[in-house]
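All remarks here apply to the structure that follows.
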Amino acid sequence: MSMDLDELKSAWQALEQRVSADVKLNRELLTELKLRKARNAIGWLTCLPALELVLALLIASATGRFLFTHFFEAKFAIAGVVLHAAVVLYIAMTIRQIALLWGADMSGPVTAIQRALTAYGAARMRATKWVLILSPLLWGPLLIVVAKGWLGLDVYRLFGVVWVAVNVGIGIAMVPLLIWVSRRFRKALKALDDVKSFARE
Amino acid sequence: MTANALHARFVELLDRHRRIVSGVTGMYCRNAEDRRDLAQEISAQLWSAFPRYDSQASFSTWMYRIALNVAISYVRKAALRAKYTAPVNQSADDVADPREDAAERDDRVRALRRFIASLDELNRALLLLYLEEHSYRSIAEVLGISETNVATKIGRLKQRLLDTTGR
């Protein structure tokens, strides 16, 4: 059937009349709303990155302390620097996520809020992607730092330098595979482009 | 304003503008259960934002913005869930209640449904405001784009409808 946008209006009125019966806001819901503690949807979204930030800061202080203690022992210092740099990078990405939602609320213009929400989604995806790509590379330094820092054990002496080198090699070999897997995250970036182009055109 | 007075004022305004909630839920959800869920979510968000509502501003603009932002987020979340639970190529907002489709005797309403399903979330918001006969200025204010942009996009929607329905 063919129609133009103005004919669509009468069809819309017919449809709207029917669907309005489904969404009658009942007295129970309105009473419940009165009792419910106000929980802003966007404020709620920042809880998870805020929690991750606190955790990452605690880890950064531990790796920083490790680095300070073992700064002149190259075999530990290198592992410490790599791990500390990764945690600092993660902190920066988490702060960016929180900043994207800072000050936004659902009563803002639709394109602005959707841009903030999709940019936040894309930033989270990017952070997950980097964690995925870097995790096999960080496994070796993590083991070295945790074993030395917490248990006082020297992994180089315990397992041998060859074992450490093989672990680093496996980590490097896995990076191309994980980059390929992380291509799935491109969709999140496309959603952001869609919102931007809607506002721009 | 006391908590009771605030709630009473909110209920009164919500009741006066309840068409906004039914319009938004009708635009973004095809089955009755989803419409009810979305209406509850919108009401909850309106209530949580109400203490910050500036009474100098238009209530309907404020309400449309929240309702549309909540609806778009709801549909995106549902689409993500459906990606892992529904058959391929079927997103949650496309899932119609079969009884409703059977009851849909009006060809024009069916064509409208198809047209809505072919649009992305932001163009649905634009179409809703156009169908509810808002001015270009009001549409621009709700969506946060320029009036010229609104006019261009409505022109494109008209063309797309003509292409889709073959007139």
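What follows is calculated from the coordinates using simple rules that are stated; it is not laboratory data. On a predicted model such as this, the values are computed, not experimentally measured, just so you know. We place every Cβ from the backbone using ideal geometry, glycine too, and count neighbours over all the protein chains shown.
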Within 10 Å of each Cβ in B:38-49, the average number of Cβ atoms from other chains: 6
Could you list, in their original order, any pairs among A:Lys196/B:Lys153; A:Lys196/B:Lys158; A:Lys9/A:Lys196; A:Lys75/A:Lys148 whose Cα atoms are separated by more than 19 Å? A:Lys196/B:Lys158; A:Lys9/A:Lys196
